[in-house]
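Please treat every number below as a calculation from the coordinates, not as lab data. It should be emphasised that the depicted structure is a prediction, and the values quoted were computed from it without experimental measurement. In this analysis, Cβ positions are derived from the backbone assuming ideal geometry, glycine residues included, and neighbour counts consider all displayed protein chains.
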Amino acid sequence: MRVVVKVGSSSLTTPDGHLDPDRIGTVVDAVVTVRARGDEVVLVSSGAIAAGLGPLNLARRPRDLPTQQAAAAVGQRALIAHYSESFAAAGLVVGQVLLTVDDVSRRSHYRNAHQTFAKLLELGVVPVVNENDTVATSEIRFGDNDRLAALVAHLVHADELLLLSDVDGLYTGHPDLPDSQPIREVRSEADLAGIDVARVGSAVGTGGMVTKLEAARIATAAGIPVRLTSAARAVEAVEGEPVGTLFTPTGKRRAARLMWLAHASETRGRLVLDAGARRALVERGASLLAAGIVAVEGDFAAGDPVDVVDPERVVIARGLVNFDSDELPEMLGRSTADLAAELGPEREREVIHRDDLILMS
């Protein structure tokens, strides 16, 4: 069995931004419990920026990207040092894996990430994953580690995703309200109807219940069950106790790299299709050819993710484009044979190959 455990910043740090050894110890105990029964585990851990606040004398999480990156550079070292020391006491070795969107949405990068995880797990290492906040820009960020954890769970073919938070599960309203009731199981979107999950995240984190629900949707749609509970109950959760909220699978596993493309990437432009091209993509599973494109929007390069929209500007797909945005206008509406004859054989290929495209519901 393979488990992905995700823990947020507020579950690892003190209010002033310092790492809390006791809180880290609770998470480590849960991971050690999984390993002791012979299972594999990947730990997706927030906390790098939060861990840097104290050493840099910052009162709260910075809003500007350069200061966030500076805090991450200081805090990531402290975070991984704590994990290394704590796991070493249990005889386990950790490996740090820092990811950006480009690391996993582009085909060659994705393959490298997949192979790295496979080898670490084969060697008995506990991968500790975080977004690479030190170098990530606003255009290439996952945005929150809940979504990152769901995508990592799919990437490593996990059997379960455990989301650890500062609350012990999903409630019908804000957990502090006396009339809010815990929800023990979510089987479909219908079970979430009328639930108020709008809540402000902690002073050191970026998420909240909204991001955890989105992570649960991503994972369960790919056939992975999700349990949401508090970090304090992590050991109970990995021991199979019915704590927190269980989200049962709603779909089947999909091509992992395309899951990253759908949920992790920020698109750089849009391709507008005619009705015939829309039918070819949606009904026949075809690649996207220049003949069916009527307009190009945005500034992008070959290999960038773009949205594919129908004549009503509704997004129907997302894919990795094979041409720069300034190359495409002269190609629109023309057959591949015509393009090859006039512009050369390098234009005789798909604008987006089917293997690099995912339909969006």
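Kindly rank 312-320, 171-179, 155-163, 46-54 from highest to lowest mean number of other beta carbons found within 10 Å of each residue. Walk me through the numbers on the way to the answer.
Values: 312-320: 17.1, 171-179: 12.9, 155-163: 22.9, 46-54: 27.6.
Peptide ranking by packing, descending: 46-54, 155-163, 312-320, 171-179.
Sort Lys212, Lys6, Lys119, Lys252 by Cβ crowding within 10 Å, fewest neighbours at the top. Don't skip to the answer; put the middle values down first.
Working: Lys212 27, Lys6 30, Lys119 12, Lys252 8.
By the 10 Å Cβ count, ascending, the order reads Lys252, Lys119, Lys212, Lys6.
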Please list, ordered by chain and number, the residues whose modelled amide H lies under 5 Å from the amide H of Glu160; skip anything fewer than 5 residues away on the same chain. Arg2, Val4
Could you check the spin-label model distance between Asp64 and Glu283? Points 7 Å from the Cα along Cα→Cβ, value in nm. 5.5
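Using the beta-carbon distance between Glu122 and Glu266 and R0 = 30 Å, what value does 1/(1 + (r/R0)^6) give for FRET efficiency, to the nearest 0.05?
Working: r = 32 Å, r/R0 = 1.08.
Taking R0 as 30 Å, the efficiency between Glu122 and Glu266 is 0.40.
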Taking only the alpha-carbon positions of the chain as identical scatterers, the Debye log10 I(q)/I(0) at q = 0.15 Å⁻¹ comes out as -1.25
Hey, if you drop one equal point scatterer on each alpha-carbon of segment 267-359 and run the Debye formula without solvent, what base-10 log of I(q)/I(0) do you get at q = 0.11 Å⁻¹? -0.25
How charged is the neighbourhood of Leu281? Take every other residue with its Cβ under 15 Å from the Cβ of Leu281, and add Lys/Arg as +1 and Asp/Glu as -1. -2
Show me, for segment 351-357, the HN-Hα J-couplings you get by feeding each phi into the Karplus relation (A = 6.51, B = -1.76, C = 1.60, θ = phi - 60°), rounded to Hz, glycine and proline as x. 5, 9, 6, 4, 5, 10, 9
Dividing the mean separation of Cα pairs under 8 Å (6+ apart) by the residue count of the chain yields a relative contact order in percent of 15
Using packing as a proxy for protection, rank 35-42, 70-77 so that the peptide with the highest average count of other Cβ atoms within 10 Å comes first. 70-77, 35-42
Burial order of peptide ranges 282-294, 217-229 (average beta-carbon count within 10 Å, highest first): 217-229, 282-294
